Amino acid sequence: MKPDSERVKHAIEVATKAHEGQFRKTGEPYIIHPLAVKKILTEWGMDEDTIIAGILHDTVEDTDLTLKDIKHEFGESVAFLVDGTTKLSAARNGMRDIDTYLPETKDNFLRLMIALGSDIRVLIIKLADRLHNLRTLSALPPDKQKKIAKESLEVFAPLADRLNMGLLRVEMADLAFKYVDPRRYEELKNLIEKYNKSAAGSLKKIEQEVGAALRKEKIHFEISGRVKSVYSLHKKLAKHNQNMGEIYDLTALRVIVDDITDCYLALGVVHSLYTPMGGRIKDYIAVPKQNGYQSLHTTVITKDKHIVEFQIRTKEMHEYAERGLAASFYYNEQKLTENYKKGKIEHLPTNLLWITELQMTAAKLREGKKVDLKKLRLNLFADKIFVYTPKGDIIDLPKGSLPLDFAYSLHSEIGDHVVGVKINGKMSNLNKKLEQGDVVEILTSKNQTPKQNWLDKIITPHARQKLIRALRLKSEKDKEKPDQHIPPAKKK
């Protein structure tokens, strides 16, 4: 970790002075919290302005420091981030009744994000703030513990997942679940520990066998174990009627290689050693998950009849799987930061197009333009469904997805030429919502072109972006065509 810059050191001095005499519920000086947020943001690889805003995020709300002071000391970008974080906290404080807020009015939180969405870094600061609060939740009274934990499980952990911040999602969900259902948490935690202890010797042997085979093929690799989190196991058991026999990925071996070619070579090596289980091979490299996650997954049966899942990915894919959007900031810090300072809307990767949509809507709101928020389908908290291609490939989509969402998730060429759809072997229509486990076959024709009214037949940002692009290209081509006048009839 690189040493703090002079600006960061100055921010720490300003925050320490501003919070002087304030204490947390733990009894510690309040400055411990912003410094912890700063540490989290630094670990995530965030840019300097975000880190400084993280240090100062509570000053405007809780001290005599003003936004004008912050702007003068640290610039407009930091002041904007602190202002956004302050507004987000203030609005959340108004949502007192969690049992009403969560099940019925989650879209209020979405609309709040839209209002602040001109800079997604506000949300990342809030996630860091929430993570540290969860880590120190034991200091609060039981009723507040449960409120914050439940909200974290149902709002902030899904937000981390939507940003593909895997490490954050896992830690946040497990910390929260411990307070939401402590008995179940301990039960599953003990079950995982017991299983891992009994499986440790077998996994070590498998790791050595795979390592030897990969070295023989001259594939550079890193291999390590991955233990399923407590909350992930809780959710999976709920899907399988509490049947542990259906859980094949309680532990997994993760293989990290240099490039995509090596991913597929490593998959071949694993399958040459062990028997792959039918229907358990998932290619998230060719078809990434909606949040951009990429990896090859396969579940195999070893010669000793052990069932083991393998996850195979490149270093870059692994970094993105762990840190998600924060990794994007790390790799593109200068470009992203400069664009934010200039007020530009950053066009993010396809899997994060919902952020771009949020930012564009925020820009319209700031300009005083009318925006129908009901049509802004971000699906941030939507449940996932899993549907299948006729060949058995698994595609995960948000609940409520339609055939065109499915088609565009396969490839834009397929989406652009859809003429019909078969669901479970029967002809259906493009307005039919897909259900869990459906087998979907897309019918295409080279003569078909995208239609404007298809915009009402999709819900995913990915499909919407692809369709809008196709409609724009079609419009440009139509303009380029010469006028085709019908010649007048010849006089007899």
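Let me see the pair-distance distribution of the range 183-320: every alpha carbon pair, 10 Å bin width, integer percents in order.
11, 41, 35, 12, 1
If a/c stays under 1.5 just call it rounded; otherwise compare a/b with b/c (prolate if a/b is bigger, oblate if not). Do that for the range 257-296, with a ≥ b ≥ c from the square roots of the Cα gyration tensor eigenvalues.
Oblate is the answer for the range 257-296, as a/c is 1.5 or above yet b/c matches or exceeds a/b.
I need the P(r) histogram for the range 243-317: all alpha carbon pairs, bin width 5 Å from 0 out to the longest distance, whole percents.
3, 16, 26, 26, 17, 8, 3, 0
Cut-off is 10 Å between beta-carbons; in what order do W454, W44 appear when sorted fewest neighbours first?
So the residues, fewest neighbours to most, are W454, W44.
Quick check on the exposure proxy: order L159, L203 from fewest to most C-beta atoms within 10 angstrom.
If I rank by nearby Cβ atoms, fewest first, I get L203, L159.
With the Cα gyration tensor of the range 179-239 giving a ≥ b ≥ c as the square roots of its eigenvalues, does the rule (a/c under 1.5 for rounded; else a/b larger than b/c for prolate; else oblate) give rounded, prolate or oblate?
Prolate.
Just rank T59, T314, T389, fewest to most, by other beta-carbon atoms within 10 angstrom.
Ranking T59, T314, T389 by Cβ neighbours within 10 Å, fewest first, gives T389, T314, T59.
Considering the options I423, L397, L467, tell which one lies farthest towards the positive end of the dipole of the range 384-480, charges being +1 on Lys and Arg and -1 on Asp and Glu at the Cβ, about the Cα centre.
L467
Taking the Cα centre of the range 183-320 as origin, sum charge times position over the Cβ atoms of Lys and Arg (+1) and Asp and Glu (-1), and report the length of that vector in debye to the nearest 20.
In debye, rounded to 20, the range 183-320 gives about 520.
Return the FRET efficiency for the residue pair A286, Q22: r is the Cβ-Cβ distance, R0 is 51 Å, and the value is rounded to the nearest 0.05.
Computed FRET efficiency for A286 and Q22 comes out at 0.45.
So, counting K/R as plus one and D/E as minus one, what does the shell of residues with Cβ under 14 Å around V419 add up to?
With Lys, Arg at +1 and Asp, Glu at -1, the neighbours total +1.
With respect to the cross-link table entries K289/K426; K189/K303; K305/K391; K236/K451; K239/K432; K87/K474, which display a Cα-Cα separation exceeding 32 Å?
K236/K451; K87/K474
Simple spin-label model, 7 Å along Cα-to-Cβ: I468 to K432 in nm?
2.9
For G420, list long-range residues whose amide hydrogen, built 1.01 Å from N in the peptide plane, is under 5 Å from its own amide hydrogen.
L443
Find how many whole Å separate the alpha carbon centroid of the range 444-471 from the alpha carbon centroid of the range 14-64.
With the range 14-64 and the range 444-471 each reduced to a Cα centre, they are spaced 46 Å.
None of the figures in this text is laboratory data; all of them are computed from the coordinates on show. This is a predicted model, so every value here is computed, not measured. Heads up, the Cβs are rebuilt from the backbone with ideal geometry, glycines too, and the neighbour counts pull from every protein chain shown.
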